[in-house]
Amino acid sequence: MKIAFVTIDNAKSILNWSGLNYYISRSLENCGIGINYIDDLKKHFTPVNFLKRVVYTKILHQKFPMERTIATAKGYSRSVAKSLLLNDCDCIFSLGTIPIAYLDAKVPKVFYTDATFACMLNYYKGFDNLSSDTIRQGHQLEKQALASCDLAIYSSDWAAQSAIRDYGTDPSKVKVVPFGANWDVHYSEEEVNGFINRRGVSKLKILFNGIDWMRKGGDLVLAAAMEIKRRNINVEVHIVGIRQLPVTGLPGYIINHGFLDKSIPQEKNKLENLYKDAHFLFVPSESEAFGLVFCEASLFGMPSVSRKTGGIVSAISEGRNGFTLDSDATAGDYADLICEYFNDYDKYISLALSSYNEYITRLNWKTVCETLLELMQEVKCKDDR
């Protein structure tokens, strides 16, 4: 099977979209798919939209992201159409809706993404205080993409249900395929058993991994850790991802490692050891489209604890690779949950092994891309008929 792999950014760069471009494209290649890359698309910003941005941002103090305009989307579609003339393919596979929303194609169009515009509006950072024009065009773009595609694949039920509910999309062409762990090494069950057994019960180690302290719930992590400490449990919290921690005067059991870059071997090794050693990944995000860190934690046999919001509940399968608590859960509630499993270590080991099984069965890129390929082949067969 040959596909046209469409993405606005560089398909092979690990720096784009949290590394998803890189891991998805590489994994599809590993499945034996012939790929024609249509990436690094030129942005077509019109003079009218430049003028609108000035008016909205400078005068009305509202956001007007030009990449979310119909004119820009049509420009992307023209670029993709020109590239398609030079290469035959059986299916068009796009990361995101915008570059193919207005693409007229003779072969099936499929997209894979983590959210709809309706999902993100006034929920996720960057989607607040948008101009009325941006909101109107954002919904129109999403509706056009969903109406014209043959298959809409989302990483979570949260996003899939929005496509159906908010845009009236036929449920039969909406599918859910969760993302995989962005990690180059695959560990065997024997290796993961070793990680779990070495953690032990002498010290409870909690890992926080996120670059946005407030959105990822950093303050709640600190409050829960302090509550655990008050219960006379020897706890240690390791913070990763924050370049400049917005809090000071932290106790010695809170350890900040700063931002760790996976592309730097020494820093990747440090992050790897933190994943191996910690008992829980605790990232109670206030908003999250999916949560790739929860997949990574499962790879290491580490249960995740988070908030029940957005797409997280598709990354964390309740009671299998962790738990999500309601949005009004307190630091004490999170402390109760973590202590319940740490104090009953056989129960913890069972959850940790189950977390690894979630990685093996659904949260790895090999499984994800085999599922994507199967879905694209089904759409192609329908098109052939």
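Every number here is computed from the coordinates shown, using simple stated rules; none is lab data. Keep in mind that what you see is a predicted model, and the values were worked out from it rather than measured. Methodologically, a virtual Cβ is constructed for each residue, glycine included, from the backbone with ideal geometry; neighbour enumeration extends over all protein chains shown.
So here's what we get for this one:
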{"quantity": "Rh (Kirkwood; distinct C-alpha pairs) - the chain, Å", "calculated": "22.1"}
{"quantity": "Hydrodynamic radius (Kirkwood) for the range 162-246, which is based on Cα pairs only, to one decimal in Å", "calculated": "17.0"}
{"quantity": "Listed pairs Lys125/Lys366; Lys63/Lys173; Lys276/Lys347; Lys43/Lys125; Lys74/Lys366 exceeding 25 Å between Cα atoms", "calculated": "Lys125/Lys366; Lys63/Lys173; Lys74/Lys366"}
{"quantity": "Shape parameters for the range 8-125, alpha-carbon atoms, Rg then Dmax in Å", "calculated": "16.0, 52"}
{"quantity": "Using a Förster distance of 25 Å, the FRET efficiency for Ile211-Ser172 (Cβ separation, nearest 0.05)", "calculated": "0.10"}
{"quantity": "Largest-first principal axis extents of the Cα set of the range 278-362 (Å)", "calculated": "29, 29, 18"}
{"quantity": "Linear extension gain, Lys43 paired with Arg26, 0.36 nm per residue minus alpha-carbon span", "calculated": "3.6 nm"}
{"quantity": "Cα pair count fraction exceeding 14 Å, expressed as % - the range 119-189", "calculated": "68"}
{"quantity": "Between the range 120-138 and the range 170-226, the Cα center-to-center distance that results, in Å", "calculated": "29"}
{"quantity": "Alpha-carbon radius of gyration plus Dmax, which is the widest Cα pair, for the range 182-228 in Å", "calculated": "14.7, 37"}
{"quantity": "Most fluctuating residue given options Asp170, Asp114, Asp150, as computed from a GNM of the chain linking Cα atoms under 10 Å", "calculated": "Asp170"}
{"quantity": "Assigned charges on the beta-carbon of Lys, Arg, Asp, Glu; the range 57-129 dipole about Cα centre (debye)", "calculated": "300"}
{"quantity": "Projected label distance in nm at Ala223 and Lys366, using a 7 Å step from Cα toward the beta-carbon", "calculated": "4.3"}
{"quantity": "Residue-count net charge about Thr324 - beta-carbon cut-off 12 Å; Lys, Arg +1, Asp, Glu -1", "calculated": "-1"}
